[in-house]
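Read-outs: derived from the displayed coordinates by stated rules, not from any lab. These numbers were taken from a predicted model, which means no experiment stands behind them. Note that we place each Cβ from the backbone using ideal geometry, even for glycine, and neighbour counts take in every protein chain shown.
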């Protein structure tokens, strides 16, 4: 092998090693088990874990009974602001049962992940702005991650701030007469607000045609900036659920 070839080969080895080291650092920094466990009694009483509450929050009456295995926080969360609960199902679901569960829990707050697990996110603002689950405090967000046959990770955190999504918000945004809606989920991190809406009726065909995405006639999409806020509205025209993002970044 020529001297130049050896140099190139050496450079490739170095690049590969640097890539491996960088990947390892990222993995160790972000891996969910980079955490500190604490007694489960430290969980605030306002964070509900009863199966009845979880079923109401997730809008899934068939959510299986579970038990809490561990309460933990990320190491960089020194103030323990966002607790995580490792939960296992009291009876492990079979593949068939898990598949059925996925179909039953197919609502706007659930999503499937690349690793074939389910995730869930739902938040709410104040009672004067929207309906919130029974017994839950205002301005809360509940998340479920890595839900599989065996169990899941349950987490809680507070909304940074609360603002009402006015009843005429979509109509003012579009200049058209969209049906009335209900706010299903409200999540705010201080800079961006993620809202999930449920319209009381299906969108009129003429309105849907007006706001359909040219590349996908089944989608209704609006992307605009108003008063220095970026607003993104999207939905499938033959459904009643919609996503609304408002960001001041």
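Here is how the numbers come out for the structure above:
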read-out: Segment 35-158 shape via C-alpha gyration tensor axes, a/c threshold 1.5; value: oblate
read-out: Modelled FRET efficiency - R0 25 Å, residue 99 with residue 55, Cβ distances, 0.05 increments; value: 0.80
read-out: Extension gain from residue 131 to residue 221, taking 0.36 nm per residue of separation minus the Cα-Cα distance; value: 29.8 nm
read-out: Cβ-Cβ FRET estimate between residue 163 and residue 209, R0 fixed at 30 Å, reported to 0.05; value: 0.45
read-out: Gained length - residue 67 relative to residue 177, 0.36 nm times residue gap less alpha-carbon distance; value: 34.9 nm
read-out: Over segment 169-247, relative contact order from alpha-carbon pairs under 8 Å, at least 6 apart, %; value: 27 percent
read-out: Percent RCO, i.e. relative contact order, over segment 79-232, from Cα pairs under 8 Å lying at least 6 residues apart; value: 18 percent
read-out: Principal semi-axes in Å for segment 113-160 [√(5λ), Cα gyration tensor, largest first]; value: 26, 10, 9
read-out: Rg and Dmax [Cα atoms of segment 169-247; Å; Rg one decimal, Dmax integer]; value: 12.2, 36
read-out: 12 Å cut-off, amide nitrogen to a point 7 angstrom out along residue 201 Cα→Cβ, residues in segment 166-181; value: 177-181
